[in-house]
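Single-structure report; data block below.
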Amino acid sequence: MLWSVRGALERDRSTRPASRPNVLLVSIDSLRADHLGSYGYARDTTPTIDRLAREGVLFETALSSASWTVPAHMTMLTGLPPEVHGVTTTQQSLSADAVTLAEVLQAAGYDTAAFVSGPTVMAHYGFGQGFSLFDESMVEPHRARSAEGISSPGLVQQVDGFLERWDYSGREAPFFVFLHMWDVHYDYAPPEPYDRLFDPDYQGDLTSEHFERNPRIKPDMDRRDLEHLIALYDGEIRFTDEHLGQIVARLRALGVLDDTLVVVTSDHGDEFFEHGLKGHAKTLYDEVLRVPLVLRYPRRLGFGQRIAAQVRMMDIAPTILGLARVPAPDGFGASHLDDSYRFADLTPFIAGRHPQRPLPELTAFSDTTSVFGHQQAIRTPDAKLIRYAWARPGRLKTEVFDLASDPGEHSNLFGTGQAQPFLQVLDPALTAWGEAAGQQTKLAVVRKPSPTHDAKLRALGYIQ
């Protein structure tokens, strides 16, 4: 897309530091942290995100509040955990009584726009609150293509158009853009050359078509086919990352990249049978809960920071406000909860060239309702406890993991003497969390049903 003549002539004024930064919040659906180069992955899947990490701050252990899209994104955009915002099924939407990040920034004078591409981040769930523009035209209207379609090129065009209009109108206000990128989500069907980029020698015929119901994608599948499936997932990541790179390049061409707080994260990851299952929305293991979190804003953040301390999904929105110097109003986030349970503004611990204050230990709580019933988890840097409403075949209703010795969560210590030191801390803390959150007013209302939309969710495996 051609940039406006006026924008080109006036570009020199963009080098002045803005009183408040623009904000670009990017959520790449289904992107697990351990498949990024900056998180130690061997494949070159994310050169754009890796560069943002080198030029900003990377959180090594960021935990989602849920293992599927709707509740996780609702937490991302409100600072509220699922137990408080209450939007934990596809039959609910956010109440207008809730205060969202977009509403706070809009009230502070931001031009707010969202561009989404997945059926579980649409306005009828309440995600449109506070956005002057909420564009969901890239959500594929036909249910089959929700899994098969490609949306990143269209998203780039939409963001280009928004930035061109913002530039042409004189950049009168800082912008807040929320960008939801769906392409990494299954089915994993990257276009050429990304379909063979990480597995050029594959001679088989496996595709990830109809991923959830594909009988060939199963726990005992051929090992070589599983390797190819993961390579297709990685190809989707590289394809999406390169389109994110085009948006970063647009900001750089406009001269506003350094005046923009860029935040890149995800709602959850995907499983590849590490615990016998595939996809997401089924468990609360780290392969679905550990997400990337990278921030770049050189006006306030030093280059190359790597933060080892554990942080949570509900910390993202208040940290954006803190870095933008926008006060969080009454009613925003879980401010009414005890300090042990509310969000944390991470700004004081990461701002400046060489921050001196270590992050406090933040306990992560996660919650999901799936085909296996309701599940809750509590995670500290050292251990995790998962509770199930009912047990899966061959599984106990309680799982305890020593993350120091068993980071893959393969050895359940529950019922052994080794579990007791962890249970003495985690069990009462999870109970107290549930009681504290349960006393809060839920901010969810019943969503008006849509047969077309619900058919799309059924095809994706979100509802039965």
Could you check Trp390 against (1) within 14 Å of Gln376 (Cβ to Cβ); (2) in a loop (DSSP other than H, G, I, E, B); (3) at pLDDT 95 or above; (4) not basic (Lys, Arg) and say which number it fails? (3)
Looking for whichever is within 16 Å of Ser366 (Cβ to Cβ) and crowded, with 17+ Cβ neighbours inside 10 Å here; the options are Ala436, Ala419, Ala444. Which one fits? Ala436
So Lys456 ticks every box in (1) assigned to a helix (DSSP H, G or I); (2) closer than 27 Å to Glu287 by Cβ; (3) of a type in the set (D, E, K, R); (4) at pLDDT 85 or above but one. Which box is left unticked? (4)
Assess whether Phe178 counts as being buried (at least 23 other Cβ atoms within 10 Å of the Cβ), touching a helix residue (DSSP H, G or I) at 6+ places or on another chain (Cβ under 8 Å), among the aromatic types (Phe, Trp, Tyr) and part of a loop (DSSP other than H, G, I, E, B). no
By residue number, the members of segment 393-409 that are touching a Phe, Trp or Tyr at 6+ places or on another chain (Cβ under 8 Å), in a loop (DSSP other than H, G, I, E, B) and farther than 26 Å from Met74 by Cβ are Arg395, Leu396, Lys397
Kindly state which strands (runs of 3 or more DSSP E) lie completely within segment 214-317 and contain at least 1 residues that are crowded, with 20+ Cβ neighbours inside 10 Å and of a type in the set (Phe, Trp, Tyr). none
Log entry, pairs with first residue in segment 291-306 being under 9 Å from Gly352 (Cα atoms), second being surrounded by fewer than 18 Cβ atoms within 10 Å (Cβ to Cβ) and at pLDDT below 95, beta carbons closer than 7 Å, six or more apart or on different chains, reads Arg299/Pro17; Gly302/Gly352; Gly302/Arg353; Gly302/His354
Return the residues of segment 172-214 that are more than 30 Å from Val23 (Cβ to Cβ) and among the hydrophobic types (A, V, I, L, M, F, W, C); say none if nothing qualifies. Ala189, Leu197, Phe198, Leu206, Phe211
Within segment 260-293, considering residues that are within 11 Å of the chain's Cα centre (by Cα) and of a type in the set (Val, Ile, Thr), the one nearest to Ser411 (Cα to Cα): Val288
Looking only at segment 333-340, decide whether some residue is outside any strand (DSSP E or B), among the acidic types (Asp, Glu) and surrounded by fewer than 19 Cβ atoms within 10 Å (Cβ to Cβ). yes
Quick one: how many residues across segment 204-213 are of a type in the set (A, V, I, L, M, F, W, C) and part of a helix (DSSP H, G or I)? 1
Selection count, segment 216-259, where residues are among the β-branched types (Val, Ile, Thr), within 30 Å of Tyr168 (Cα to Cα) and more than 20 Å from the chain's Cα centre (by Cα): 1
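Yes or no, residue by residue, for (1) of a type in the set (D, E, K, R); (2) crowded, with 23+ Cβ neighbours inside 10 Å; (3) at pLDDT below 95; (4) in contact with a helix residue (DSSP H, G or I) (Cβ under 7 Å, 6 or more places away or on another chain):
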| position | (1), (2), (3), (4) |
| --- | --- |
| Thr89 | no, no, yes, no |
| Gly109 | no, no, no, no |
| Val116 | no, yes, no, no |
| Ala123 | no, no, no, no |
| Gly126 | no, yes, no, no |
| Glu136 | yes, no, no, yes |
| Val139 | no, no, yes, no |
Scan segment 105-117 and report the pairs whose first residue is over 18 Å from Met74 (Cβ atoms) and whose second residue is surrounded by fewer than 22 Cβ atoms within 10 Å (Cβ to Cβ) and among the hydroxyl-bearing types (Ser, Thr, Tyr), with Cβ atoms within less than 7 Å and a gap of 6+ or a chain change. Asp111/Ser132; Ala113/Ser132
In segment 341-358, is there at least one residue being under 21 Å from the mean Cα position of the chain (by Cα), modelled with pLDDT of 85 or more and among the polar types (S, T, N, Q)? yes
Residue under question is Arg196, and the condition is that it be more than 21 Å from the chain's Cα centre (by Cα), surrounded by 15 or more Cβ atoms within 10 Å (Cβ to Cβ) and at positive phi; does it hold? no
Subset of segment 234-263 [touching a helix residue (DSSP H, G or I) at 6+ places or on another chain (Cβ under 9 Å) and over 23 Å from Asp167 (Cα atoms)]: Asp234, Ile237, Arg238, Phe239, Thr240, Asp241, Glu242
Only residues that are in a loop (DSSP other than H, G, I, E, B), closer than 16 Å to Ile316 by Cα and hydrophobic (A, V, I, L, M, F, W, C): list them for segment 352-373, please. Leu359, Leu362
Within segment 388-415, can you find the residues that are hydrophobic (A, V, I, L, M, F, W, C), more than 27 Å from the chain's Cα centre (by Cα) and surrounded by 11 or more Cβ atoms within 10 Å (Cβ to Cβ)? Ala391, Leu396, Leu413, Phe414
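The values are calculated or read from the model by the stated rules, or taken from the named source; none is laboratory data. Just so it is clear, the structure is predicted and the values come from calculations on it, not from any experiment. Note that we place each Cβ from the backbone using ideal geometry, even for glycine, and neighbour counts take in every protein chain shown.
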